[in-house]
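Novice: What follows is a structure written as structure tokens; I'll ask about it next.
Since every read-out is calculated from the coordinates, none of them should be taken as a lab result. Just so you know, these numbers come straight off a predicted model, no measurement behind them. We place every Cβ from the backbone using ideal geometry, glycine too, and count neighbours over all the protein chains shown.
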Amino acid sequence: MSLLAVEGLTVRDQAGRALVDDVSFAVAAGDRAGLIGESGSGKSLTALAVTGLLPPGLSATGDIRLDGVDMIRAPEKQRTAARGPVAAIVFQEPLTALDPLMTAGRQIAGPLRRLHGLRGAALRSAIGEALAEVRLTDAERIARSYPHELSGGQRQRVAIAMALACRPRLLIADEPTTALDVTVQAEILDLLDRLVATRGTALLFITHDLPVAARVTRDTHVLRDGRIVESGPIADVIARPEHPYTRTLVDSARRFDAALERTGRD
Amino acid sequence: MLVAIIAGGVLVSYFWLPFAPDDTSGGRLMPPGGDHLLGTDKLGRDLLTQLLIGGRIALATALGAVAVGGILGVSFGLLAGFATRWLDDAAAVVLDILIAFPTLLLAMLIVAGTGASLGTAILAIGLAMAAIVARLTRVLVKQVLGRDYITAARIAGISWPRIVASHVLPNIAPVVLVNLALQAGLAVLAEASLSYLGLGTPPPNASWGRMLYEAQATVLTAPAAALAPGLALVALVIGMNLTADGLRDLADPRRANR
């Protein structure tokens, strides 16, 4: 059985407009799926719907099973029980993903305390481990730092540490590298890639960036205006795009690469 | 600082006053100097004594109104912040109406029901403040609830009361506290106006507002009687505004210099 199975998911706003329209996909345990699409295509809403945390005013229909729990219709209590231990999210903007008034250590401590019941020394060492895992040197100092004292890359590492601290089986990464410098972006992608691989965590990676998706995902789904227009293994999608929109994505990525090549040679 | 000086003076007034509040032995409308440091009013009461007693009332109003306004305002604002759809719209409209309702009119209504006293003044000012604080709190809560760290906490299964205590309240506190300190200054002014109109502290207790009223007729012949409470008011309100600034710097780790 899939860890996450989404069947005919439709998200509507109060006016009844479909923001996500009849979206279906599945992520098996340990698998890596990508949702690719431009801003406004409904990818982030899909991620929120999966966790059953749509913003007020939006309603979802269809069927979402997260580890077998119906995330649309099940009572809040069951959904909460499914959410924490199974899934975690890393957000796009590391600035709003961390509470500005809380030290990095305390933020990571929150879920660990709640889900693993850790206290005192055990909690402190778990925080240290979590920070070490995301390759943050000087973990002691970082644990004591407020978000504004950290760089964007460090903040995103803290956010990843927070998401992975409780060993979720599914990590949802919502454009985790979009707000970062290109060099930092590459480091964070490597980090995610490695962590997910060593732990067998399933990954749902959301991005507008085809090369980024190619790097970390296996199966991919291209979203446009709330609909999935193309699905398949990322290599096939890039080699033989079928939908015109996917072709545009692939072409523009190619042109970008070609331009880089040319400038490099001159 | 200014607040501390005034609060200090008020504290002293509980142990020592230059004259008894109802001692009229000094002659009327004496200029400042001599036995009576600030002179006397038209009934011959010592102005400094009156000023200190008025200070008690000013500070009591500020504290009382902030307590009423803060507790009611933040609680209601929190609830309204969590409301969605029509309930949210309803809360916003109710708050706007309450804010549009003049404090003076509210005070008059309460006074009409219970008679003028310091308590009714504090209640009226506190209720008016509650509406403003609630509106502010509601907006701030909505802002914070939209942040990703709240979503992250919810995914981790952290309960709402816990999220409110650990994320929401600390994040809205700096702004709310600064606002409360500003409101404290406004409360002092509001109490002075109510007393000036005879809706606040009843005689014989001295309030700065009523001192101003009583000095009004003789302001040209004995300016000290009007100047003293007037300056005291200005000093206290400025002091409270400065306190608000100081609080803001303290409450925000981004500004705190370690």
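Novice: What's the local net charge at A:ARG215, with K and R +1, D and E -1, over the other residues with C-beta under 13 Å away?
Specialist: -1
Novice: Quick one: among A:ARG224, A:ARG141, A:ARG12, which has the greatest mean-square fluctuation in a GNM of chain A with alpha-carbon springs under 10 angstrom?
Specialist: Judging by the Gaussian network model, the answer is A:ARG141.
Novice: Mind checking which of A:VAL222, A:TYR245, A:GLY232 is farthest towards the positive end of the stretch A:219-259's charge dipole, using Cβ charges of +1 (Lys, Arg) and -1 (Asp, Glu) about the Cα centre?
Specialist: A:TYR245
Novice: In addition: Just going by the charge dipole of the protein assembly as shown, with Lys and Arg at +1 and Asp and Glu at -1 on Cβ, which of B:LEU79, A:ALA122, B:ILE122 is farthest out on the positive end?
Specialist: So the residue furthest toward the plus end is A:ALA122.
Novice: Most fluctuating residue of A:GLN185, A:GLN78, A:GLN92 in a GNM of chain A with Cα springs under 10 Å: which is it?
Specialist: Among A:GLN185, A:GLN78, A:GLN92, the largest GNM mean-square fluctuation belongs to A:GLN78.
Novice: Let me ask something additional. Put one equal scatterer on each alpha carbon of the stretch A:4-265, apply the Debye formula with no solvent term, and list log10 I(q)/I(0) at q = 0.07, 0.11 1/Å to two decimals.
Specialist: Reported log10 I(q)/I(0), two decimals: -0.25, -0.62.
Novice: Once you place label points 7 Å from the Cα toward the Cβ at B:PHE101 and A:ARG247, how far apart are they in nm?
Specialist: 6.6 nm
Novice: Suppose each label sits 7 Å from its Cα in the direction of the beta carbon; what would the A:ASP138-B:LEU63 distance come out to in nanometres?
Specialist: With each label point 7 Å from Cα toward Cβ, the separation is 4.6 nm.
Novice: To the nearest 500 deg cm²/dmol, what mean residue ellipticity at 222 nm is calculated for chain A from DSSP H runs of n ≥ 4 alone, each contributing -39,500 (n - 2.57), summed and divided by the residues?
Specialist: That calculation yields -14000 deg cm²/dmol at 222 nm.
Novice: Now, a different point. Under a point-charge model restricted to the Cβ atoms of Lys and Arg (+1) and Asp and Glu (-1), what is the dipole moment magnitude of the stretch A:1-142 relative to its Cα centre, in debye to the nearest 20?
Specialist: In debye, rounded to 20, the stretch A:1-142 gives about 520.
Novice: Taking H as built 1.01 Å from N, whose amide H comes closer than 5 Å to the amide H of A:ARG218, not counting residues under 5 places away?
Specialist: Distant-sequence amide H within range of A:ARG218: A:ARG32, A:ALA33, A:GLY34.
Novice: Then there's this: Could you please state, rounded to a whole Å, how far the C-alpha centre of the stretch B:197-239 is from the C-alpha centre of the stretch B:99-176?
Specialist: The distance from the Cα centre of the stretch B:197-239 to that of the stretch B:99-176 comes to 32 Å.
Novice: Label point 7 Å out from B:THR84 along Cα-to-Cβ: which residues of the stretch A:1-19 have amide N under 19 Å?
Specialist: Answer for this model: A:9-19.
Novice: Still on this structure, please answer the following. Considering amide H positions built from the backbone, and no H for Pro or chain starts, which residues 5 or more places from A:LEU19, or on another chain, come under 5 Å of its amide H?
Specialist: So A:LEU19 has HN proximity to A:VAL11, A:ARG12, A:ASP13.
Novice: How many nm separate the modelled label positions at A:GLU149 and B:TRP160, each set 7 Å beyond the Cα in the direction of the Cβ?
Specialist: 3.4 nm
Novice: Continuing with this model, one more query. Counting pairs of alpha carbon atoms under 8 Å apart in space and at least six apart in sequence, what relative contact order in percent does the stretch A:1-71 give?
Specialist: 43 percent
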